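FYI, it's all coordinate maths here, none of it is from the lab. The model shown is predicted, which means the values in this text are computed figures rather than measured ones. Here the Cβ positions follow ideal geometry from the backbone for every residue, glycine too, while neighbour counts run over all protein chains shown.
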Amino acid sequence: MLHVAVAHRFGDFALDAAFSGGDGLTVLFGRSGAGKTSLINAIAGLIRPQRGHIAVGDAVLTDTERGIFVPPHKRRIGYVFQEGRLFPHLTVRQNLLYGRWFAPRSRDRGEFGQVVELLGIGGLLARRPATLSGGEKQRVAIGRALLSRPRLLVMDEPLASLDEARKAEILPYIERLRDETRVPIVYVSHSIPEVARLATTLVVMSEGRVAAIGPPEAVMSRLDLFPLTGRAEAGAILNAVVAGHDAEFGLTRLAAGGGELRVPRLGLAPGAAVRVRIRARDVMIALTPPTGLSALNILPGTVAEVAPDGGGPIVQLRLDCAGEALIARLTRRSVETLGLVPGKRVYAVIKSIAFDQHALAVPGPGGADADTRPG
């Protein structure tokens, strides 16, 4: 377990945040200036907080009351920055081996090969950083951090400088890192698709404080957090299982708590777990079971909460679909015309084309070995 409680003032900005994270990947999410990078810098020992306690398992790294402050190079924390920061004069192999200088003395001789295989960088070992793509540089940077045998890995928006193609290239490797290593990860991001795909635990930050913490599907369905999580990408995360495939039409059937969903075919075997992000803007509401529609996904549910968007023309609704939360974004006129109030029985209509590659992810162990791209 990672335990963090930090209070520190930077001029007019006050960081006063606390959270705990376990195995898997903990995302620190929030807008620029929320304090995310300052918090991980305190975890890494790059900032000595005025007050605080930071511990990874039994190792206490900072405790201001007891006068404990372990210097950064002794914390055994691997830090991956927005850009790879590789040594330009060294080959990929030499950059990777540099990380081993910071590892404990007892080394596994096969460890280098395991990290190289995990990150798919075997073909890059003789090359220099100038010849690598952005995604390749980040994979090498992650490998260097892993070879230092960290007790914790912190990643500060590692995909922020990459284009969409490079992000798609590296995301499966971060999933493998989450699922196949025993190293807990703290991951800074302000991207909803990254949160939906990667997070085991989600910590929402605002103005230096923790506004919410919990499983991503629970946190992302909270209407009161939309000013912090972003209304444009507002939505819900559902957990589902592959029920089967429709070879004739190239679709996959997913069994979710609220009913069955049809999405573009996935390269997953029946029974595989899938995490689905459904954006609020992709959900329509009907009062009776719709017929004669092109949309394939219709889930019955009940209006659980109605939240006006600051008195404007837009209203956010949270639906309860057999225990699964679903979010819809409608005009205030539609809400009033349909009489949508808590307790009202409705039908949520979702187009299959709403489920693009950014909306589907495989959670938990083995996630990166399964290809979730439409097939």
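At a glance:
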read-out: Tail fraction, Cα-Cα pairs, segment 153-288, threshold 21 Å, whole percent; value: 52
read-out: Relative contact order [Cα under 8 Å, 6+ residues apart], segment 131-190, whole percent; value: 48
read-out: Relative counts (whole %) of C-alpha pair distances in segment 235-374, using bins that are 5 Å wide; value: 2, 10, 20, 22, 18, 13, 8, 5, 2, 0
read-out: Relative pair counts by distance (%), Cα atoms of segment 300-352, 5 Å bins; value: 5, 21, 33, 24, 12, 4, 0
read-out: Directionally averaged projected area (convex hull, Cα atoms, segment 220-294), nm²; value: 6.5
read-out: Gain on full stretching of the segment that runs from L97 to D224 - 0.36 nm per residue minus C-alpha separation; value: 41.0 nm
read-out: Segment 39-135: GluC sites (Glu not before Pro) falling in loop per DSSP and having at most 16 other Cβ within 10 Å; value: E65, E83
read-out: Of the trypsin sites (Lys or Arg not before Pro) in segment 171-242, those whose Cβ has at most 10 other Cβ within 10 Å and which sit in DSSP loop; value: R182
read-out: Stretchable slack from E336 to F249, in nm (0.36 nm times residue separation minus alpha-carbon distance); value: 27.5 nm
read-out: Cβ-Cβ FRET estimate between I68 and F13, R0 fixed at 30 Å, reported to 0.05; value: 0.75
read-out: Under DSSP loop assignment and at most 14 Cβ neighbours within 10 Å, longest chymotrypsin sites (Phe, Trp or Tyr not before Pro)-free interval of the chain; value: 102-248
read-out: Read-out Cα extents along the principal axes in Å, derived from the coordinates shown; its label in (i) 60, 40, 36; (ii) 57, 49, 45; (iii) 67, 52, 34; value: (iii)
read-out: Rounded if a/c under 1.5, otherwise prolate or oblate - segment 1-80, Cα gyration tensor axes; value: oblate
read-out: Label-point gap, in nm, between L46 and S294 - each point 7 angstrom along Cα→Cβ; value: 4.8
read-out: Alpha-carbon centroids, segment 311-356 and segment 229-278: separation in whole Å; value: 19
read-out: Share of Cα-Cα pairs in segment 39-164 lying beyond 27 Å, as whole percent; value: 24
